[in-house]
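Here the structure comes first, spelled out in structure tokens, and everything after it is commentary.
The values are calculated or read from the model by the stated rules, or taken from the named source; none is laboratory data. Predicted, not measured: the structure shown is a model, and the values here were computed from it. FYI the Cβ positions are ideal-geometry reconstructions off the backbone, even for glycines, and counts take in every protein chain you see. The accessibility values were calculated without ligands, DNA or RNA, using every heavy atom of the protein model including side chains. Shrake-Rupley method; radii C 1.70, N 1.55, O 1.52, S 1.80 Å.
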There are 6 protein chains.
Amino acid sequence: MTISTSDITRADGRATDQLRPVRITRGWLDHAEGSVLVEFGRTRVLCAASFEEGVPRWRRGSGEGWVTAEYAMLPRSTNTRGSRESVKGKIGGRTHEISRLVGRSLRAVVDMSALGENSIVLDCDVLQADGGTRTAAITGAYVALADAVAWGQRHGHITSRGKPVLTDSVAAVSVGIIDGTPMLDLPYEEDVRAETDMNVVVTGSGKFIEVQGTAEHAPFDRSELDTLLDLAVAGAADLTRLQQDALAGELGG
Amino acid sequence: MTISTSDITRADGRATDQLRPVRITRGWLDHAEGSVLVEFGRTRVLCAASFEEGVPRWRRGSGEGWVTAEYAMLPRSTNTRGSRESVKGKIGGRTHEISRLVGRSLRAVVDMSALGENSIVLDCDVLQADGGTRTAAITGAYVALADAVAWGQRHGHITSRGKPVLTDSVAAVSVGIIDGTPMLDLPYEEDVRAETDMNVVVTGSGKFIEVQGTAEHAPFDRSELDTLLDLAVAGAADLTRLQQDALAGELGG
Amino acid sequence: MTISTSDITRADGRATDQLRPVRITRGWLDHAEGSVLVEFGRTRVLCAASFEEGVPRWRRGSGEGWVTAEYAMLPRSTNTRGSRESVKGKIGGRTHEISRLVGRSLRAVVDMSALGENSIVLDCDVLQADGGTRTAAITGAYVALADAVAWGQRHGHITSRGKPVLTDSVAAVSVGIIDGTPMLDLPYEEDVRAETDMNVVVTGSGKFIEVQGTAEHAPFDRSELDTLLDLAVAGAADLTRLQQDALAGELGG
Amino acid sequence: MTISTSDITRADGRATDQLRPVRITRGWLDHAEGSVLVEFGRTRVLCAASFEEGVPRWRRGSGEGWVTAEYAMLPRSTNTRGSRESVKGKIGGRTHEISRLVGRSLRAVVDMSALGENSIVLDCDVLQADGGTRTAAITGAYVALADAVAWGQRHGHITSRGKPVLTDSVAAVSVGIIDGTPMLDLPYEEDVRAETDMNVVVTGSGKFIEVQGTAEHAPFDRSELDTLLDLAVAGAADLTRLQQDALAGELGG
Amino acid sequence: MTISTSDITRADGRATDQLRPVRITRGWLDHAEGSVLVEFGRTRVLCAASFEEGVPRWRRGSGEGWVTAEYAMLPRSTNTRGSRESVKGKIGGRTHEISRLVGRSLRAVVDMSALGENSIVLDCDVLQADGGTRTAAITGAYVALADAVAWGQRHGHITSRGKPVLTDSVAAVSVGIIDGTPMLDLPYEEDVRAETDMNVVVTGSGKFIEVQGTAEHAPFDRSELDTLLDLAVAGAADLTRLQQDALAGELGG
Amino acid sequence: MTISTSDITRADGRATDQLRPVRITRGWLDHAEGSVLVEFGRTRVLCAASFEEGVPRWRRGSGEGWVTAEYAMLPRSTNTRGSRESVKGKIGGRTHEISRLVGRSLRAVVDMSALGENSIVLDCDVLQADGGTRTAAITGAYVALADAVAWGQRHGHITSRGKPVLTDSVAAVSVGIIDGTPMLDLPYEEDVRAETDMNVVVTGSGKFIEVQGTAEHAPFDRSELDTLLDLAVAGAADLTRLQQDALAGELGG
């Protein structure tokens, strides 16, 4: 199979290796120690980082902190209304899976002993969904996490002097093959048509934290995998820059 | 007890009979048939109206429609993080109670036979809470409902010619007595100090749909009740004007 | 609208401002520290007050007690059998709402520091429902509460000397407008026809603890509200006398 | 081991083969098609039989009816308050087990084809517990069932002419060995001390429907088993007479 | 009714008083402190005994241990697939009932003070069901329990010197009347046809721990009950020998 | 980082690119249309395939079939007992995630239109866990699926003549980096030490269905990823041969 990535026009006019317009708004909430409204095109995720002193029981006395995440979608974030998981009384498999992925991705860049016995919970609530909600969630949650860590340092809850709590940054992006063409950052309409779909979580320094590739309609071979990974790494580097810009700006702006 | 409402300065500088800054942003979501981000000061509620053809089983064949509502708070909408109801696996009493109140309040201004066998679900998700979330939810949900009804008419799902689906508008506001002084539209810090707390749902034509008064710290007498009702009716009239202005403007603006 | 309350004959022959036959039987259970079978006509609610030393965790060390309530209906208390909430695995919104109302109403007349670090749980189980179950529950639960408090004093668990635990009594009654006529204490057949329905919780000294008015079929205006409140206050005064008579009698009689 | 049943005085003065005072009050509820308040001493169970046309899906078209039961205890039926199963969100093993036993016991005397495609649900709610709640429930539920069957016949829902729906009656009683002495109909204080505890469900014609014997503190041998069965059969015969008397009397008396 | 047990040929060629081929494989699992794969014909139950230091909270400080059991069926252990209880989110009544029976049966032969403050949990998971799963579970669980007790002694967690933890052994078997003939150890096809069905739990010394007889299609009389008990006691004695043989052999063989 | 795979001795004596002893026993259950006990070393998973005519509601009338999977662990499959998900009343995130993975992996090799409107449910129950339970589950489930498909064809439920239902085979294996060395098929003790952990699902023809790599302790780079993929592809090819051998043998052997 020959893979060409040039000269393809996507429905929204993007090049195949181009992100959707990404917007990262820090300080969107007044109460949370860190908060970000992150937008990947029409996908909009509100990421709130809650700093809490103390750790879960199983971790007490270890001198180490904990970071966890909960992902959820509002019922009408999607094209047709989904039922509310709290009303159904249980969380679906997909929700569980993404919550775990977000938590794992963030923990990979946290030095738990530098965090000390403090916990940070990341709530990633999808206000509007148009593909890539989990990658937007990870990308935005990292920024909210950074603000919550800074808050903990400013307020004296984190006392590791000199030793950074965050060992790297983390961003995530989706890639997929649509009609034989590898593409970056799929909106919903591309996502449902993708033969292969991959979510890649990458550190600021370009290493992998998570690679999740799934053959949706047809198994994929090694060369396709390689092309997708290349696309993802480049896209993640763009996201890393956007995170840096956001963190360099004024909080709340 | 003597009740005076003048010459009192509130923490945020408002007069006792003055609403917080209210903002109603229509079309905040791309998918929903009606959507509003409503803000009462720092309280921020996202109201999404989903139009669905058909009605619940118990209402089929009646020729009448149905309107229902679900209210919920994001875990970090509040000052300290609350646990997520979907994770706990059940909905708390307060959530249930407010969902029922919002649904009842909206149904009171809907002509169900004019709606025909269609359903509209209002999802009111509190993104940030600072008192008055249920009154903001009702006030915003009415506007989202009006947009969803208009959508249903534009798309030919509602066919009642001439007969209006909405018989009136509806808005809600909180009032309470703090340190002996009746006040309108309580933020969280006033709400927790109120001796008496009342939520009043009023139609655009000034009639009551719901009056819920609760003695939080001390029973209240008839004259206090009267004063609170006066305040609430006047505040609701202000909200009615703001709803009218919002609906007169451009959708999405 | 003109409201007349005279010369109307109700289906059960009562005057519009007359309560149904009310019966309060104390000591209906052998184990509970306080127990009452309260009957408002055919509505029959069993109220059991359980006295427990200690308070919930969040209140420990405060020196203050706690009072809470759980309301429920037996499946065949109603005209057609309802499903059992324990079998469904969750409590409905209405059940939650009434449990909260009963608890709030009772707490309003309890001096928590005089109660000391003790808890009283009121279980209000509707054995038969014919309208007004929540108002009967509150009215009966107060008497059961009074007996449980007396039990706690007799057994030395409440040690506030001289300082009364109950600062007042509390009773509740429903009122509503049926075919334009305000009426007191609605049985089921009137309740379903009411345009406006109100539950009012009143102290023995005639002050309001809770006012919950709902427009079921048509919004109501201020003069209707005033008439309903007058009716409710008078009806509650009758209930207060019946509570006093019951408490003055022999326990178990 | 020698078993003697004479010359033993029980705490409540009964002979070892004597039932507690049993009271069966028919028509205790106004709505239910059959209802009984049954009392075995201080144990008080409200049995409501709900007649419903139609059968569960899996039985449709069979021409046969269905009878089922739900048993539950009110939280304060017991000496110390238990938590409410609807609040816990699940039914305990004991509740499940007894519900199944009651349903099975009643079905054993019902000719399902004579009942036709109708359902009868027996709700057995323990208002006060003092041992033997399951046996009281079965004994009372049979009477409520008989009334509901008669109701179905009077109202033309059961059309099996001549063919009786109830092929026999059913009653249940507990027996146990306390300090080496077999005893009939154990109240709570004897029940907890019993070495062996047995619940026996017997038809009016003296045959067994269910025999459930459990060694609580010590395994039992064949001669003990035989003595217990003799006691139970005699006690059940007494209950059968009481059921007949109740059914021969006025409904509601 | 005349009961003859001779000259009947069962579908699988057994005599009416003959067990199915029984196989007890110890040490089937590598991790569990005791484990048995027990087979009664095609019925196959995996019994795992988990030894844990400490006891549930309500038993702490008593100096006594605790033994409990959980029974469950794999979804496809049966002829047609059943739904998974973990997916449904609740445990059915039958599962609860059998779990309680298994626990009760094992506790009857354990000297809790000799066990000391240790807990043993028996997981009995039915891998394949062909009738008699609860009796196989009890029979196998006893052997796994014995191995777990021995493990606790070898590892010094049980220190009762000389005093045996197990006061007796325990086995269980089903009996029933099919077409008027009492039979031992019913496979599924006999079980569904049985008029009367009985599960009997017997100690190694021949005493009863539990007798549960149920009239499935017709009430049974005393002579039938006696015949069934005789059959069960003899069958249980055979099982006791098989348990002894298994425990006398090599672990893991 | 230099990766060397030679000259390393693993705790169990295997080469770094060597599978544990794999055993695939077909026909382990008597009822299921396909069943396999699959063993990867001490990891033991029972895979049961249930063939059911008909499809879920959302797929009816499509002419296409459906394949789904449920994965679960027995409480004592692990080193220390875990709590039973049915008792907790909800399924954990990990269970959900793996169930979804198994289902997706199998669907990738099924031609749903050739299957016709039939459903196959794969139950993968872990009897004993020692790392790699999800990869063993997928590998075994494929063989059970193949047997269930053959059953459906033999019994005339699958009628696609000539057109194969299974378009390829599927196997899965774990790989990871331990102390800098990439290794194949990790048992538990290696799994917990792995810096990077990857599960790879590969078709018989060597293409990828799923690639899930996770940095457990340190992010990984592209060359590590490449080495791991090489190892996994080779290991999966070995598993494919073992599946073919099993399917070529006698059923039940």
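Please verify whether the stretch F:215-231 includes one or more residues that are modelled with pLDDT of 95 or more, among the β-branched types (Val, Ile, Thr) and buried (at least 16 other Cβ atoms within 10 Å of the Cβ).
yes
Restricting the stretch D:133-169 to residues that are closer than 23 Å to D:Leu115 by Cα and of a type in the set (S, T, N, Q), which is surrounded by the most Cβ atoms within 10 Å (Cβ to Cβ)? Working first, answer last.
In the first step, residues of the stretch D:133-169 are kept if they are closer than 23 Å to D:Leu115 by Cα; the result is D:137-169.
Imposing the further condition that a residue be of a type in the set (S, T, N, Q) reduces the set to D:139, D:153, D:159-160, D:167, D:169.
Numbers: D:Thr139: 29, D:Gln153: 14, D:Thr159: 11, D:Ser160: 14, D:Thr167: 17, D:Ser169: 21.
Selected residue: D:Thr139.
Hey, among B:Gly156, B:Gly140, which residue is part of a loop (DSSP other than H, G, I, E, B) and away from chain C (no Cβ under 14 Å)?
Values: B:Gly140 fails: part of a loop (DSSP other than H, G, I, E, B).
That would be B:Gly156, the only listed residue that is part of a loop (DSSP other than H, G, I, E, B) and away from chain C (no Cβ under 14 Å).
Here's a check for you: in the stretch C:63-78, which residue that is outside any helix (DSSP H, G or I) and small (Gly, Ala, Ser) is nearest to the other protein chains (Cβ to nearest Cβ)?
Restricting attention to the stretch C:63-78, the residues satisfying the condition of being outside any helix (DSSP H, G or I) are C:63-74, C:78.
Keeping just the survivors that are small (Gly, Ala, Ser) gives C:63, C:65, C:69, C:72.
Working: C:Gly63: 18, C:Gly65: 16, C:Ala69: 11, C:Ala72: 6 Å.
Among them, the one singled out is C:Ala72.
Scanning the stretch D:18-40 for residues that are closer than 15 Å to D:Ala172 by Cα and touching a residue at least 40 places away in the same chain (Cβ under 8 Å), which turns out farthest from the other protein chains (Cβ to nearest Cβ)?
D:Gln18
Of everything in the stretch C:79-90 that's at the interface with chain D (Cβ under 7 Å from one of its Cβ atoms) and open to solvent by 50 Å² or more (accessible area, probe 1.4 Å), which residue is farthest from D:Glu53 (Cα to Cα)?
Narrowing the stretch C:79-90 to residues at the interface with chain D (Cβ under 7 Å from one of its Cβ atoms): C:79, C:81, C:84-87, C:89-90.
Filter again for open to solvent by 50 Å² or more (accessible area, probe 1.4 Å), leaving C:79, C:81, C:87, C:90.
Values: C:Asn79: 15, C:Arg81: 12, C:Val87: 21, C:Lys90: 26 Å.
Looking at the filtered set, the residue picked out is C:Lys90.
Could you tell me whether the stretch F:189-198 includes any residue that is modelled with pLDDT of 95 or more and either among the hydrophobic types (A, V, I, L, M, F, W, C) or closer than 23 Å to F:Leu106 by Cα (or both)?
Within the stretch F:189-198, one or more residues are modelled with pLDDT of 95 or more and either among the hydrophobic types (A, V, I, L, M, F, W, C) or closer than 23 Å to F:Leu106 by Cα (or both).
Could you check the stretch B:91-107 and list, in sequence order, the residues that are more than 8 Å from chain C (Cβ to nearest Cβ) and within 22 Å of B:Glu52 (Cα to Cα)?
Scanning the stretch B:91-107 gives B:Leu101, B:Val102, B:Gly103, B:Ser105, B:Leu106, B:Arg107.
Would you check which residues across the stretch D:91-103 are surrounded by 19 or more Cβ atoms within 10 Å (Cβ to Cβ) and either among the hydroxyl-bearing types (Ser, Thr, Tyr) or assigned to a loop (DSSP other than H, G, I, E, B) (or both) and list them?
Hits for the stretch D:91-103 are D:Ile91, D:Thr95, D:Ser99.
Out of everything in the stretch F:199-226 that is farther than 22 Å from F:Ala108 by Cα and of a type in the set (Ser, Thr, Tyr), what residue ends up being farthest from the other protein chains (Cβ to nearest Cβ)?
Kept after step one, since they are farther than 22 Å from F:Ala108 by Cα, are these residues of the stretch F:199-226: F:214-226.
Filter once more, keeping what is of a type in the set (Ser, Thr, Tyr): F:214, F:223.
Values: F:Thr214: 5, F:Ser223: 11 Å.
Applying the filter and picking the extreme gives F:Ser223.
Considering every residue within the stretch E:170-177, establish whether at least one is open to solvent by 10 Å² or more (accessible area, probe 1.4 Å) and away from chain D (no Cβ under 14 Å). Outline the logic, then answer.
At the first step, the residues of the stretch E:170-177 found to be open to solvent by 10 Å² or more (accessible area, probe 1.4 Å) are none.
No.
Which residues, taken from the stretch C:185-207, are closer than 17 Å to C:Leu225 by Cα and open to solvent by less than 10 Å² (accessible area, probe 1.4 Å)?
C:Asp185, C:Leu186, C:Ala194, C:Thr196, C:Met198, C:Val200, C:Val201, C:Val202
So for the stretch A:128-136 (the condition being within 10 Å of another protein chain (Cβ to nearest Cβ) and closer than 28 Å to F:Lys88 by Cβ), does at least one residue qualify? Explain how you work it out, then say what you get.
Narrowing the stretch A:128-136 to residues within 10 Å of another protein chain (Cβ to nearest Cβ): A:128-130.
In the following step, the residues that additionally are closer than 28 Å to F:Lys88 by Cβ were identified as none.
No; the residues of the stretch A:128-136 include none that is within 10 Å of another protein chain (Cβ to nearest Cβ) and closer than 28 Å to F:Lys88 by Cβ.
Working carefully through the options F:Thr78, F:Thr159, F:Thr139, find the one that is of a type in the set (S, T, N, Q) and within 20 Å of F:Ala32 (Cβ to Cβ).
Only one candidate passes the filter, namely F:Thr139.
Scan the stretch A:238-253 for residues that are assigned to a helix (DSSP H, G or I) and either open to solvent by 40 Å² or more (accessible area, probe 1.4 Å) or without any contact (Cβ under 8 Å) to a residue 12 or more places away in the chain (or both) and jot them down.
Applying the first criterion (assigned to a helix (DSSP H, G or I)) to the stretch A:238-253 yields A:238-248.
Passing the criteria: A:Asp238, A:Arg241, A:Leu242, A:Gln244, A:Asp245, A:Leu247, A:Ala248.
As an exercise: evaluate A:Arg59 against (1) free of Cβ contacts under 8 Å to residues at least 60 places away in the same chain; (2) charged (D, E, K, R); (3) within 26 Å of B:Arg44 (Cβ to Cβ) and give the number of the one condition it does not meet.
The single condition A:Arg59 does not satisfy is (3).
Could you tell me how many of the residues in the stretch E:62-94 are in contact (Cβ under 8 Å) with a residue 24 or more places away in the chain and either touching a strand residue (DSSP E or B) at 6+ places or on another chain (Cβ under 9 Å) or at negative phi (or both)?
Taking the stretch E:62-94 as the starting set, the residues that turn out to be in contact (Cβ under 8 Å) with a residue 24 or more places away in the chain are E:62-74, E:77-79.
When the remaining residues are screened for being either touching a strand residue (DSSP E or B) at 6+ places or on another chain (Cβ under 9 Å) or at negative phi (or both), the result is E:62, E:64-74, E:77-79.
Counting residues in the stretch E:62-94 that are in contact (Cβ under 8 Å) with a residue 24 or more places away in the chain and either touching a strand residue (DSSP E or B) at 6+ places or on another chain (Cβ under 9 Å) or at negative phi (or both) gives 15.
Let me spell it out: the conditions are (1) away from every other protein chain (no Cβ under 12 Å); (2) in contact with a Phe, Trp or Tyr (Cβ under 9 Å, 6 or more places away or on another chain); (3) charged (D, E, K, R), and E:Glu195 meets all of them except one. Which number is the exception?
Tallying (1) away from every other protein chain (no Cβ under 12 Å); (2) in contact with a Phe, Trp or Tyr (Cβ under 9 Å, 6 or more places away or on another chain); (3) charged (D, E, K, R), E:Glu195 fails exactly one: (1).
Quickly run through the stretch D:31-78 and pick out the residues that are in contact with an Asp or Glu (Cβ under 7 Å, 6 or more places away or on another chain), open to solvent by less than 20 Å² (accessible area, probe 1.4 Å) and among the small types (Gly, Ala, Ser).
Within the stretch D:31-78, D:Gly34, D:Ala48, D:Ala49, D:Ser50, D:Gly65, D:Ala72 qualify.
What is the number of the single condition among (1) away from chain F (no Cβ under 13 Å); (2) more than 30 Å from B:Ile91 (Cβ to Cβ) that A:Val110 does not meet?
Condition (1) is where A:Val110 drops out.
Going by the structure shown, is B:Arg60 away from chain C (no Cβ under 12 Å) and under 20 Å from A:Ile120 (Cα atoms)?
Working: away from chain C (no Cβ under 12 Å): yes; under 20 Å from A:Ile120 (Cα atoms): no.
Against the criterion (away from chain C (no Cβ under 12 Å) and under 20 Å from A:Ile120 (Cα atoms)), B:Arg60 does not qualify.
Could you list all residues from the stretch A:108-132 that are open to solvent by 10 Å² or more (accessible area, probe 1.4 Å) and in a helix (DSSP H, G or I)?
A:Met112, A:Ser113
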